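The values are calculated or read from the model by the stated rules, or taken from the named source; none is laboratory data. Computed from a predicted structure; not experimentally measured. Please note: Cβ atoms are built from the backbone with ideal geometry, for glycine as well, and neighbour counts cover all protein chains shown. These area figures cover heavy atoms from the full protein model, side chains too; ligands, DNA and RNA do not enter into them. Shrake-Rupley method; radii C 1.70, N 1.55, O 1.52, S 1.80 Å.
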Amino acid sequence: MKKLFVLLAAALALSFTACAAGDVPADAGEPEPAPGLAEPAPISHPVSPEEPEMETVWTVREGMTLSLLQTEYPVGVEKLTLVLDNATELELDYGLQFSVQKYRDGGWQEEDFPEALFFADMLCALPARSVTTMDLNVGLLGRPLDEGLYRITGSPLWIGDGHEESPAWHVDFRVTADARPEPDYALYISSQPIPTVEGCLVTDRLPVYFINNTGVGGNMLDIPHLERRNDAGEWEAVPWKEGIGFCGTPDPLPAEGQSWSEDLYMLWEPLEDGRYRLSYAVRPTFDTEETAYGEFTLYTPEGSHGLPLAENSPIEE
């Protein structure tokens, strides 16, 4: 659901059209904030020439986070995927405006968009217990991104029915010559790290969000494969419980992505603490097949051995 505040006119100097969350339309003149939307917070300029520690996850409050799909991107990258994760019972409202800074000469220096570029002044709503994505089109900048440390800065956020204002968000990423572009399909697993008791989740199901970066609908096979990273850093398959079977019927995978969940306890024996990778086969067409991966961490909280923990509400399908 999107709450439209102001819709800007079409571009004069650039022919871009805003048709979905994350699109960046253009218009002549200087950008102006929509009524009720505050300008992004000013960027700090550290005096130290050393690079700061990367901030890859922005935590609005417990259970509300923003992060990029990757922490490293290739030179000349044009699109980044921002993942907004709301595992709370409150709505999270956000705007589409963002700016880009590069760390150089001891501070964060602005990367300029064309003067004629306008952002759509609209407020988007992320419902309780849900995940969504937002496309950040950095290809509209005045020059391609070269190697270095960068920061994306967005607008303030608003929480709940009372519209409690939270500061403007920012997340960092690095551009390197050997980084890989974002995959066409990926999995995002919410609310990490995930606590367990005696190898079982303290939530009913594992929340999964399918990210579809192709822009067109496809389908996926609900046959989950699970792997665990061993001490050598290699992925080892975790076998299903005896007697587990799947029908293999494809499910739709919409262009905007899809919320999903899996019952780990039903499919696998109790799991040890560690790093895991979940994957599904996805099919843009019936003649092709790719694999969507997502990683997550399981841990046992101190003092909880043999004791039940309070359940967290899972992401709904």
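Once all protein chains are placed together, ARG228 keeps about 60 Å² accessible to a 1.4 angstrom probe.
Treating the range 54-151 as a set of equal point scatterers at the Cα positions, no solvent, please give the Debye-formula log₁₀ I(q)/I(0) at q = 0.12, 0.14, 0.16, 0.23 Å⁻¹. Per q value, in the given order, log10 I(q)/I(0) is -0.45, -0.61, -0.78, -1.30.
For a Förster distance of 35 Å, can you work out the FRET efficiency between the beta-carbons of GLU53 and GLU295, rounded to the nearest 0.05? Step by step, r from the Cβ atoms, then E = 0.95.
By the compact-protein rule of thumb, 2.2 N^0.38 Å, the alpha-carbon radius of gyration of the range 174-221 corresponds to a ratio of 1.62. Computed over Cα pairs, the Kirkwood radius of the range 148-261 leads via Stokes-Einstein (1.002 mPa s, 20 °C) to a diffusion coefficient of 117 µm² per second. For the range 97-155, the calculated P(r) over all alpha carbon pairs, in 10 Å bins from 0 to the bin holding the longest distance, is 17, 46, 27, 10, 0 percent.
I'd like the projected area of the range 208-285, averaged over all directions, using the convex hull of its alpha carbons. Report it in nm² with one decimal. Could the numbers behind the result be given before it?
Numbers: hull surface 24.2 nm².
That works out to 6.1 nm², a quarter of the Cα hull's surface.
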